[in-house]
Amino acid sequence: MEFRLDFPRGSDFVGGGYSPRAAETYRRIRNSPEDTPIVAANTGIDPRIIEGMRQMRVTAERLIAVDWERRGDRAWSKAALLKEYFRRAARWAAVYGCDDPVPFFDIAACADPSVRADPRVVEDVLGKVEAGGRTVARVVPFILHGAALRATPGLDLPPELEDPFEPLITLFERGGGFHTEKGEVNLEWKSVRMAGWRDRLNDPPLTIHSSDKFDDLDREGLSSSGLGDQLRRGIE
């Protein structure tokens, strides 16, 4: 059983040999963790495996839905989210002894090299995020492998380690450019140095599930930088 990225959804079921009931059932399974036990009971598949597949599907769809068009007005919140990613990556690197010199690396391979995302999913997502550029193409497989790691049944991950890639996905979802150059991560109007990313190991954690907080951060950044008027006029 798998949640395929190319599987029909919604009205695609109707007229294609699928019933409206099948469409609704599939949609519910994809989107609702509450249905995982029901699916497990009906199929005999370990519920942890079903939930892991659902989580992988959600991660892939979030990446595919990102708008990569440059905009600039959210660079301040994206910088905060990037630093939170650095903090989490540093914590994983410390626990598992990862020796990668840069902050964007295959955390899953460091923690358990046997865990890999479905290569078909990786290929499909990469084909749909090409607008994000080369840095995004390099990082996306790491994110998907990380999702596979956290979704693997029976894997004993330290509970104190947060999902390392959630801040990065949230950063992407705020839209706009993202690439590395000359030792920095360029976020359009702001850049963040990668050097010293491990030193953020003990930084205070950032709560990332608050879009209002990030919107406020960007408004303050635009106001203090004097860039607000330029962006409103469409100057980049």
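Hey, among the residues in segment 73-84 that are among the hydrophobic types (A, V, I, L, M, F, W, C) and more than 13 Å from the chain's Cα centre (by Cα), which one's surrounded by the most Cβ atoms within 10 Å (Cβ to Cβ)? Full working, then the answer.
Restricting attention to segment 73-84, the residues satisfying the condition of being among the hydrophobic types (A, V, I, L, M, F, W, C) are 75-76, 79-82.
From what's left, more than 13 Å from the chain's Cα centre (by Cα): 75-76, 79-80.
On the way: ALA75: 25, TRP76: 21, ALA79: 20, ALA80: 20.
This residue is ALA75.
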**Boolean, ILE143 is within 16 Å of the chain's Cα centre (by Cα), in the same structural domain as PRO113 (by TED's automatic domain parsing), surrounded by 17 or more Cβ atoms within 10 Å (Cβ to Cβ) and assigned to a loop (DSSP other than H, G, I, E, B)** = no
**Message:** Of everything in segment 175-212, what is in contact (Cβ under 8 Å) with a residue 40 or more places away in the chain and closer than 15 Å to VAL136 by Cα? Give them in sequence order.
**Reply:** GLY175, GLY176, GLY177, PHE178, HIS179, THR180, VAL185, LEU187, GLU188
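Condition check ((1) assigned by TED's automatic domain parsing to the domain that holds GLU181; (2) within 17 Å of the chain's Cα centre (by Cα); (3) not basic (Lys, Arg)) across all residues:
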position: PHE86; (1), (2), (3): yes, yes, yes
position: ARG91; (1), (2), (3): yes, no, no
position: ASP99; (1), (2), (3): yes, no, yes
position: PRO113; (1), (2), (3): yes, no, yes
position: VAL122; (1), (2), (3): yes, yes, yes
position: VAL125; (1), (2), (3): yes, yes, yes
position: GLY132; (1), (2), (3): yes, yes, yes
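Give segment 92-105 a look and list any residue that's touching a residue at least 40 places away in the same chain (Cβ under 8 Å) and out of contact with any strand residue (DSSP E or B) (no Cβ under 9 Å at 6 or more places or on another chain), or say none. Show your work before the answer.
Start the filter on segment 92-105 by keeping residues that are touching a residue at least 40 places away in the same chain (Cβ under 8 Å), which leaves 92-95, 102-104.
Those that are touching a residue at least 40 places away in the same chain (Cβ under 8 Å) and out of contact with any strand residue (DSSP E or B) (no Cβ under 9 Å at 6 or more places or on another chain): TRP92, ALA93, ALA94, VAL95.
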**Prompt:** Any idea which residue in segment 108-125 is surrounded by the most Cβ atoms within 10 Å (Cβ to Cβ), counting only those that are of a type outside the set (Val, Ile, Thr) and not in a helix (DSSP H, G or I)?
**Reply:** ALA117
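Return the residue satisfying two criteria in turn: it lies in segment 184-202 and is surrounded by 14 or more Cβ atoms within 10 Å (Cβ to Cβ) and assigned to a loop (DSSP other than H, G, I, E, B), and of such residues it is modelled with the highest pLDDT.
Top of the filtered list is MET194.
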**Asked** Based on what the data block shows, is LYS128 over 29 Å from ASP156 (Cβ atoms) and buried (at least 20 other Cβ atoms within 10 Å of the Cβ)?
**Response** no
**Complete:** Residues of segment 174-183 being closer than 12 Å to LEU82 by Cβ and either outside any strand (DSSP E or B) or of a type in the set (A, V, I, L, M, F, W, C) (or both), in sequence order, are ARG174, PHE178
**Prompt:** Filter segment 88-107 for residues that are surrounded by fewer than 21 Cβ atoms within 10 Å (Cβ to Cβ) and among the β-branched types (Val, Ile, Thr); which is nearest to GLY183 (Cα to Cα)?
**Reply:** VAL102
**Prompt:** In segment 49-89, what residues are under 25 Å from ARG198 (Cα atoms), part of a helix (DSSP H, G or I) and in contact with a Lys or Arg (Cβ under 7 Å, 6 or more places away or on another chain)?
**Reply:** ALA75, TRP76, SER77, LYS78, ALA79, LYS83, PHE86, ARG87
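Here is a yes/no grid of residues against (1) touching a residue at least 24 places away in the same chain (Cβ under 8 Å); (2) aromatic (Phe, Trp, Tyr); (3) under 15 Å from ASP112 (Cα atoms):
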{"site": "GLU123", "(1), (2), (3)": "no, no, no"}
{"site": "GLY132", "(1), (2), (3)": "yes, no, no"}
{"site": "PHE142", "(1), (2), (3)": "yes, yes, yes"}
{"site": "GLY146", "(1), (2), (3)": "yes, no, yes"}
{"site": "LEU149", "(1), (2), (3)": "yes, no, yes"}
{"site": "LEU155", "(1), (2), (3)": "yes, no, yes"}
{"site": "PRO167", "(1), (2), (3)": "yes, no, no"}
{"site": "GLU173", "(1), (2), (3)": "yes, no, no"}
**Request:** Answer with yes or no whether ARG70 is farther than 16 Å from GLU162 by Cα, crowded, with 20+ Cβ neighbours inside 10 Å and either touching a Gly at 6+ places or on another chain (Cβ under 6 Å) or not assigned by TED's automatic domain parsing to the domain that holds PHE165 (or both).
**Result:** no
**Message:** Condition first: part of a helix (DSSP H, G or I) and under 21 Å from TRP68 (Cβ atoms). Can you find one or more residues in segment 156-167 that meet it?
**Reply:** yes
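The values are calculated or read from the model by the stated rules, or taken from the named source; none is laboratory data. The model shown is predicted, which means the values in this text are computed figures rather than measured ones. Counting neighbours? That spans all protein chains shown, and the Cβs are built from the backbone with ideal geometry, glycine included.
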